[in-house]
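The values are calculated or read from the model by the stated rules, or taken from the named source; none is laboratory data. Values in this document were obtained by computation on a predicted structure and should not be read as measured data. When we count neighbours, we look across all protein chains shown, and the Cβ atoms used for this are built from the backbone with ideal geometry, even at glycine.
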Amino acid sequence: MHMVLMAFLGSLGSGLTFNVKGRKLIFAGLSGAAGWLVYLLLYSISGSSIFSTFVGAIAVGFYSETAARYLKSPSTVFSIPGILPLVPGITAYEMIQAVTENDMANAMVKMVNTLGGAGAIAFGILLATAFFRRISKKKKTKQA
Amino acid sequence: MQPNELMNIALKAGEIMLTSGAEIYRVEETIVRICKSYNTYCESFVLPTGIFISIRDSEDSMHTAFKRIHDRKVDLNRIDRVNNLSRSLQVSQPDYEAVLGSLNDIETVRQHAFPARLMAASVSSFAFTILFQGTWLDGAAAAVIGAVAYLVNEMMARRNLYQFLELFIAGMLAGFISLAAVRLFPVLNVYKIIIGSLMIYLPGVSITNGIKDALYGDLVASLTRLGEALLLVTVLAVGVGIALSVGIGRW
């Protein structure tokens, strides 16, 4: 459980360095916590880190788009700090380490893992945004 | 409002948003929204490095202006405020001086004070280290190293060094200090400290925006942003890599 708190703190802190202000800062922190909670749940079920990252990113995307509509802010205010805990920092580091140790085979493995994680985040956010955009378009056409 | 005044405002609003790290579609939409609020037809074309606007005046002649964008610094608060300003213009249309005044306010609004940001960088370094299953001690070390890296980064940013150089040095510095820390306290875990203290430098903004730009069809911007992200990560990685290979070789 304290891991989720840490995800909250991490996103909160990075949100502050990106100059998010006031109560939106709390919501930016919650975004990171939500993503990490989903990641942990799925990781304990599936054991696949890339898949869990993917679903975690979808969760961050959904959360950010919803929060954006309630708080009348751009969704990036919540999604940018929110995805940070999911970023595959460890595998990226292990890749660098493998390169410095001249262990190219291992470096390739880690590189694929890193790119997989980054791609999973990208595609997760993309899905959430596309979904919400579809809904708000429908609303607009109904009003018109 | 005169066409050139409107153009001035739209360009300024777009410039603030783009330099603060907004997505392309948001900048374009904001510009068009501002013009529409004043019943003027307008087209905008935005690239990560420049803004183009065309406005048609009441006599049907077109006016075009463009603005070159050089440096970018992420500031989500500014994007938020310009966004809200442009939406408020749809409801009521204040005159030129009033809008320009509010834009100037947004542009000069202060960031969080430096000590607060330093603290935040330190706290998030700590949090990310724990998140990656580091021990509390690792977290404490990362908090210190993250703060030092942020301090140096801020000093370089104030001297207007290139962003790539800043990241390179931040990565190398964090690498060297972490290695030294582990040398002094062997219970620490080098790689957890390094990752934790460098997380906030990862180009989350470029990646997120690059993807959203692709989704909205701004392909040029998307590829540019993703390329930027790749470069930034590479530079950071090379910095850390140099520290590791020199450090591990010597000790």
Meets criteria (modelled with pLDDT under 85, within 17 Å of B:Ala121 (Cα to Cα) and of a type in the set (Ser, Thr, Tyr)) for A:Thr17: yes
When you scan region B:6-58, how many residues do you find that are aliphatic (A, V, I, L, M) and farther than 28 Å from A:Phe78 by Cα? 4
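For (1) farther than 26 Å from A:Asn102 by Cβ; (2) not small (Gly, Ala, Ser), each residue gets a yes or a no:
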site	(1), (2)
B:Met156	yes, yes
B:Leu173	no, yes
B:Phe176	no, yes
B:Leu202	no, yes
B:Thr208	yes, yes
B:Ile211	yes, yes
B:Ala229	yes, no
B:Gly239	no, no
B:Ala243	no, no
Please verify whether region B:108-121 includes one or more residues that are away from chain A (no Cβ under 11 Å) and of a type outside the set (Phe, Trp, Tyr). yes
For region A:55-111, enumerate the residues that are assigned to a helix (DSSP H, G or I), closer than 19 Å to B:Ser124 by Cβ, free of Cβ contacts under 8 Å to residues at least 40 places away in the same chain and aliphatic (A, V, I, L, M). A:Ile90, A:Ala92
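So is B:Ser178 among the small types (Gly, Ala, Ser), more than 21 Å from B:Leu230 (Cα to Cα) and touching a residue at least 24 places away in the same chain (Cβ under 8 Å) or not?
Yes: the conditions hold for B:Ser178.
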Please verify whether region B:74-81 includes one or more residues that are out of contact with any Phe, Trp or Tyr (no Cβ under 8 Å at 6 or more places or on another chain), more than 8 Å from chain A (Cβ to nearest Cβ) and β-branched (Val, Ile, Thr). no
Name the single residue that is farthest from the other protein chains (Cβ to nearest Cβ) among those in region A:1-11 being closer than 23 Å to B:Ala147 by Cβ and of a type in the set (A, V, I, L, M). A:Leu5
Filter result (facing chain A (nearest Cβ under 10 Å) and of a type in the set (Gly, Ala, Ser)) within region B:144-167: B:Gly146
Is it the case that region A:12-30 has a residue that's more than 11 Å from the chain's Cα centre (by Cα), away from chain B (no Cβ under 11 Å) and among the basic types (Lys, Arg)? yes
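Tell me the residue from A:Ser73, A:Ser46, A:Ser64 that is among the small types (Gly, Ala, Ser), surrounded by fewer than 24 Cβ atoms within 10 Å (Cβ to Cβ) and over 22 Å from B:Phe132 (Cβ atoms), please.
On the way: A:Ser46 fails: over 22 Å from B:Phe132 (Cβ atoms); A:Ser64 fails: surrounded by fewer than 24 Cβ atoms within 10 Å (Cβ to Cβ).
Unique residue meeting the criteria: A:Ser73.
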Which numbered condition in (1) buried (at least 19 other Cβ atoms within 10 Å of the Cβ); (2) within 9 Å of chain B (Cβ to nearest Cβ) is the only one that A:Ala130 fails? (1)
Just to be sure, is B:Ser86 within 20 Å of B:Ala214 (Cα to Cα) and either surrounded by 19 or more Cβ atoms within 10 Å (Cβ to Cβ) or assigned by TED's automatic domain parsing to the domain that holds B:Ile211 (or both)? no
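Here is a yes/no grid of residues against (1) surrounded by fewer than 24 Cβ atoms within 10 Å (Cβ to Cβ); (2) within 22 Å of B:Ser122 (Cβ to Cβ); (3) in the same structural domain as B:Val144 (by TED's automatic domain parsing):
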position	(1), (2), (3)
B:Leu173	yes, yes, yes
B:Phe185	yes, yes, yes
B:Ile195	no, yes, yes
B:Met199	no, yes, yes
B:Leu215	yes, no, yes
B:Ser222	yes, no, yes
B:Thr234	yes, no, yes
B:Gly241	yes, no, yes
